[in-house]
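Below is one structure; the comments refer to it alone.
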Amino acid sequence: MTSSSLPSHLLPFPSKQSSPAPPSSTTTLLRIPPDRTPTRISRFRCSAGQTGFFSKLGRLIKEKARSDVEKIFSGFTKTRDNLAVIDELLLYWNLSDTDRVLDELEEALLVADFGPRITVKIVESLRDDIYAGKLKSGSEIKDALKKSILNLLTAKGLKTELRLGFRKPAVIMIVGVNGGGKTTSLGKLANRLKKDGTKVLLAAGDTFRAAASDQLEIWAERTGCEIVVAEKENAKASSVLSQAVKRGKEQGYDIVLCDTSGRLHTNYSLMEELVSCKKVIGKVVSGAPNEILQVLDGTTGLNMLPQAREFNDVVGVTGLILTKLDGSARGGCVVSVVDELGIPVKFVGVGEGVEDLQPFDAEAFVNAIFP
Ligand SMILES: Nc1nc2c(ncn2[C@@H]2O[C@H](COP(=O)(O)OP(=O)(O)OP(=O)(O)O)[C@@H](O)[C@H]2O)c(=O)[nH]1
Ligand SMILES: [Mg+2]
């Protein structure tokens, strides 16, 4: 089947010729119920061909990652300080001292929130390599330590770029506990995608607090994206998201970014609400949501592990956004989450500004915590 014989909502992307109007410069608010047509709709322009567009977008996003390493990890001072002791230990390391040095190294990793499972795994593999004569100096041990952490972060072929499928619109749901930075991350992501030439629709799926949609509307204005908000109070999140994705489909959006309410991972009924949000989205666009990104507050340390585990069990998390790395982030735990749950970190939040979202780069991460 050629793309021209596909129904319009299945076309990967409109060609440049089919989208003649210029993009709108202002935000249009779309309110449900959907019988109201929006006053103005921006048209998508894509110079990247059709199916290749999302992969090009992913590549662009990844390339940008490499340019801003220092800013990304400015918040790791605390983690770095905790791990600085490792440099001192390894400086004076000699073979006869191995067990004592490895005990202290273990302690330092635990203090830096690597978690017991990962810590033991790393230290035991170092011990084996030292006694097998593969590591002969402090600097070799440090390199091996960094390499084993990098391996943990990159094993299992985890993809850090967004995977958006080929149907339009791609749908991304942002989930997580209260106050982690979901709405802010969604706004920053909208900014990034919009700048890369994508037609983005925001969906105010946090119907729990009245102020939540106001907050997202500010992000819509800031990024020049359109937004769907609930018309009435007490609207169901699933109904707002379903309407938004329908809009996205009917009006040729590339991506719908869905905000959701913060919820404790231990609250069964709220977690179930997420499941119904996911279901209704999938009914509108088969295969959607393409990404369910969980926001984890980088300052919460090991608490992020049970959160990630629970959200993943309930809705199937496809990627993580690690926020507040500009604060006093506790980086070690990320390695545990990635290793235990096999979910890649896709973005990191490094501030409250619109530009403060960076793609995750595992190598830069390791270099930031072990300079
Ligand atoms: N320093 C810093 N602050 C951040 C970052 N991301 C979010 N914040 C701040 O964290 C606070 C909470 O952010 P929100 O985006 O409202 O968090 P949320 O998860 O949507 O919160 P709820 O909807 O209430 O669950 C706000 O003050 C944000 O400005 C970040 O990367 N760095
Ligand atoms: Mg929010």
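Brief remarks follow.
- Within the stretch 202-219, not a single residue is away from ligand 2 (no atom under 13 Å from the Cβ) and crowded, with 23+ Cβ neighbours inside 10 Å.
- Checked against (1) outside any loop (DSSP other than H, G, I, E, B); (2) out of contact with any Asp or Glu (no Cβ under 7 Å at 6 or more places or on another chain), Ala288 passes all but condition (1).
- Any chance Ala132 is out of contact with any Lys or Arg (no Cβ under 9 Å at 6 or more places or on another chain), aliphatic (A, V, I, L, M) and exposed (fewer than 13 other Cβ atoms within 10 Å of the Cβ): yes
- Against the criterion of being assigned by TED's automatic domain parsing to the domain that holds Val335, more than 28 Å from Asp356 (Cα to Cα), out of contact with any Asp or Glu (no Cβ under 9 Å at 6 or more places or on another chain) and away from ligand 2 (no atom under 14 Å from the Cβ), Ser238 does not qualify.
- Lone qualifier among Ala204, Ala211 - being of a type in the set (Gly, Ala, Ser), within 13 Å of ligand 1 (Cβ to nearest atom), outside any helix (DSSP H, G or I) and closer than 27 Å to Gly298 by Cβ: Ala204
- Candidates in the stretch 219-257 are the residues that are of a type in the set (Val, Ile, Thr) and over 21 Å from the mean Cα position of the chain (by Cα); of these, the one that is nearest to Leu189 (Cα to Cα) is Val228.
- Test: Lys168 is within 26 Å of Asp297 (Cβ to Cβ), more than 16 Å from ligand 1 (Cβ to nearest atom) and of a type in the set (Lys, Arg): no
- Considering the stretch 336-357, and only residues there that are outside any loop (DSSP other than H, G, I, E, B) and within 20 Å of Cys225 (Cβ to Cβ), the residue that is nearest to ligand 1 (Cβ to nearest atom) turns out to be Gly349.
- Candidate set from the stretch 238-277 (those that are assigned to a strand (DSSP E or B) and more than 16 Å from ligand 1 (Cβ to nearest atom)); member that is surrounded by the fewest Cβ atoms within 10 Å (Cβ to Cβ): Ile255
- Some residue of the stretch 217-237 being of a type in the set (A, V, I, L, M, F, W, C), in a helix (DSSP H, G or I), away from ligand 1 (no atom under 11 Å from the Cβ) and within 17 Å of Lys278 (Cβ to Cβ): yes
- So Leu357, is it touching a Ser or Thr at 6+ places or on another chain (Cβ under 7 Å) and under 20 Å from Ile172 (Cβ atoms): yes
- In the condition set (1) of a type outside the set (Asp, Glu); (2) more than 16 Å from ligand 1 (Cβ to nearest atom); (3) in the same structural domain as Ile227 (by TED's automatic domain parsing); (4) touching a Pro at 6+ places or on another chain (Cβ under 9 Å), Thr198 is compliant with all but (4).
The values are calculated or read from the model by the stated rules, or taken from the named source; none is laboratory data. Owing to the predicted nature of the structure, the values given are computational and were not obtained by experimental measurement. Cβ atoms come from the backbone with ideal geometry, glycine included; neighbour counts cover every protein chain shown.
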